[in-house]
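Data first, discussion second: the structure below is written as structure tokens.
Since every read-out is calculated from the coordinates, none of them should be taken as a lab result. Just so you know, these numbers come straight off a predicted model, no measurement behind them. Here the Cβ is made from the backbone with ideal geometry for all residues, glycine too, and neighbour counts use every protein chain on show.
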Amino acid sequence: MVYDGIVIGLIVGFVRGGVFGALRGLSRLKLVAGWVFPALLLFQFVYFYFQGRNEALQQYTGISIMVIYVIGLLFVGLNHKQPGFKTIFVGVFLNFLVMVLNGGAMPVSLEAASTLGQYYADMLQNNDVVYKHAKLMEDTRLPFLGDIIPIVAPYPRQMIISIGDIVMNVGIFMFLQKIMTAEKKGLPNGAVSTQA
């Protein structure tokens with residue numbers, strides 16, 4: 001759901017800050033190791049594409065996802081002075097915590113999964129790991145942190161999210177609003193520079 005948070009934050013930011021003001025705010029964005037975030041997103045897209053076509057990748061999915069989360073947490077931690085990044089850190093950590101306690105997979109409520117379609121629900125029912133997701137079981141640890149919240153119409157796309165997803169996206173929204181409306185509020189920069 002991180003993509004949704006970014007898209008919604010950008011749309012609202014452009015409305016509130018004005019197109020040119022928002023773009024200037026984004027252009028002044030300074031993040032420590034700023035290349036890490038897009039690199040992680042790209043890696044996940046590529047991994048997701050090849051995972052279903054390669055048994056070796058399937059075997060190491062849990063480890064790969066945990067490595068992605070650790071790198072992501074380090075990136076967010078390095079930029080903790082940025083507005084909203086502490087909230088983002090909490091959200092990412094909550095997702096990481098429930099996954100690491102459950103073998104590297106995000107527990108998904110079977111009832112919530114049924115809102116996405118029977119095919120997805122059947123895969124979870126058969127205990128198949130769907131990318132980084134697995135069926136929420138009776139012995140699942142911290143089940144309330146799993147993907148248990150279904151998002152359906154009128155939202156434009158159906159999905160299941162976790163508490164961590166919500167917290168993380170609140171942080172993303174806060175961050176984008178701060179940097180995209182800074183000029184309108186008379187602030188000198190769209191984001192706090194954490195570079196030496």
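For the chain, what's the relative contact order in percent, using C-alpha pairs closer than 8 Å and at least 6 residues apart?
Rounded, it is 36 percent for the chain.
Over the chain, consider all pairs of different Cα atoms and compute the Kirkwood hydrodynamic radius from their mean reciprocal separation; express it in Å, one decimal.
One over the average 1/r among Cα pairs gives 17.9 Å for the chain.
Pairs to check: Lys81/Lys132; Lys30/Lys81; Lys86/Lys132; Lys81/Lys184; Lys30/Lys178. Give those whose C-alpha atoms are more than 18 Å from each other in this structure.
Lys81/Lys132; Lys86/Lys132; Lys81/Lys184
With axes computed from alpha carbons, what is the tilt in degrees of helix 61-78 against the longest principal axis of the chain, rounded to the nearest 10 within 0 to 90?
Orientation of helix 61-78: about 20 degrees from the principal axis.
Enter the Cα centre distance for the pair the stretch 57-73 and the stretch 156-185, rounded to the nearest angstrom.
Cα centroid to Cα centroid, the span is 24 Å.
Which angle from 0 to 90°, rounded to the nearest 10, does the C-alpha axis of helix 36-51 make with the longest principal axis of the chain?
Once rounded, one gets 20 degrees.
At a 10 angstrom cut-off on C-beta neighbours, averaged per residue, how do the peptides 31-41, 75-85 rank from highest to lowest?
75-85, 31-41
From the helices alone, meaning DSSP H stretches of at least four residues, give me the mean residue ellipticity at 222 nm for the chain, per-run term -39500 (n - 2.57), in deg cm²/dmol to the nearest 500.
It lands at -17500 deg cm²/dmol.
Under 1.5 on a/c is rounded, so check that first for the stretch 75-170, then, if it is not, pick prolate when a/b is larger than b/c and oblate when it is not; a ≥ b ≥ c are the square roots of the alpha carbon gyration tensor eigenvalues.
Note, shape of the stretch 75-170 comes out oblate.
By how many nm would the segment from Tyr49 to Leu74 lengthen if fully extended, with 0.36 nm per residue of separation less the alpha-carbon distance?
The span from Tyr49 to Leu74 would gain 6.5 nm if fully extended.
Would you mind checking the tilt of helix 163-180 against the longest principal axis of the Cα atoms of the chain, expressed as 0 to 90 degrees and rounded to 10?
20
Any idea how far apart Arg28 and Ile63 come out in nm if each label point goes 7 Å out from Cα toward Cβ?
4.6
Suppose the chain between Lys81 and Ser114 were pulled fully straight at 0.36 nm per residue; how much longer would it get relative to their current alpha carbon spacing?
Stretched fully, the Lys81-Ser114 segment lengthens by 7.9 nm.
Please identify, among Tyr69, Tyr119, Tyr47, the residue showing maximal mean-square fluctuation in a Gaussian network model of the chain using a 10 angstrom Cα cutoff.
Per the Cα network of the chain with a 10 Å cutoff, Tyr119 tops the list.
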